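What follows is a set of notes on a single structure, which appears directly below.
The values are calculated or read from the model by the stated rules, or taken from the named source; none is laboratory data. Since the model is a prediction, treat every value here as computed from it, not as a measurement. Glycine gets a Cβ as well: all are built from the backbone with ideal geometry, and neighbour counts include every protein chain shown.
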Amino acid sequence: MSELNPNSVCRRHMVFGWWSLAVFMSLGVVLECLHALEVSEYLANETRRMMWRLAHAHGTLLGLLNIAFALSADRVQQGRLKLASRLLLVGTVLLPGGFFAGGVTTYDSDPGPGVWLVPVGAIAALSAVVITAFVTGKNSSD
């Protein structure tokens with residue numbers, strides 16, 4: 001099996017993280033505009049507002065987490081780098097994506113079926129963090 005280039009992983013997560021920040025911060029601006037313009041489709045549905053706010057907040061946080069991963073990827077053991085990288089990318093898409101999709105269609109006070117992506121994304125992101133924390137600590141020479 002060929003080794004993964006840590007520099008390409010760093011670059012991938014740096015670019016993905018900054019674009020995630022741009023997208024999810026823009027979502028926050030759009031949500032503020034919907035609120036300011038008193039758009040009833042947004043304001044009248046508490047479930048939709050909550051789901052979309054959660055998408056904005058989690059997406060922004062995961063964008064920052066990708067940047068942090070990019071800065072520490074060279075400290076992750078080669079064997080775990082590919083797994084942690086993929087899990088973090090999957091989590092960054094599915095967790096906020098599930099919240100957003102869950103708010104597109106709502107049923108009374110229940111989110112739509114897209115919300116089922118949230119736990120999958122959360123487990124993927126958390127797994128990436130745990131793997132990175134564990135193997136980064138093992139590589140410490142201090």
Met51 in contact (Cβ under 8 Å) with a residue 12 or more places away in the chain and within 17 Å of Phe99 (Cβ to Cβ) = yes
Quick check: anything in segment 85-105 at pLDDT 90 or above and more than 25 Å from Trp19 (Cβ to Cβ)?
-> yes
Single unsatisfied condition, Val9 versus (1) at pLDDT 95 or above; (2) in contact with an Asp or Glu (Cβ under 9 Å, 6 or more places away or on another chain) = (1)
Which pairs do you get when a residue that is buried (at least 20 other Cβ atoms within 10 Å of the Cβ), found in segment 89-105, comes within reach of a residue that is not in a helix (DSSP H, G or I), reach meaning Cβ atoms under 7 angstrom, with the pair 6+ apart or on two chains?
-> Ala101/Gly112; Gly102/Pro111; Gly102/Gly112; Gly103/Pro111
Determine which member of the set Gly112, Gly79 is of a type outside the set (Val, Ile, Thr) and over 21 Å from the mean Cα position of the chain (by Cα).
-> Gly79
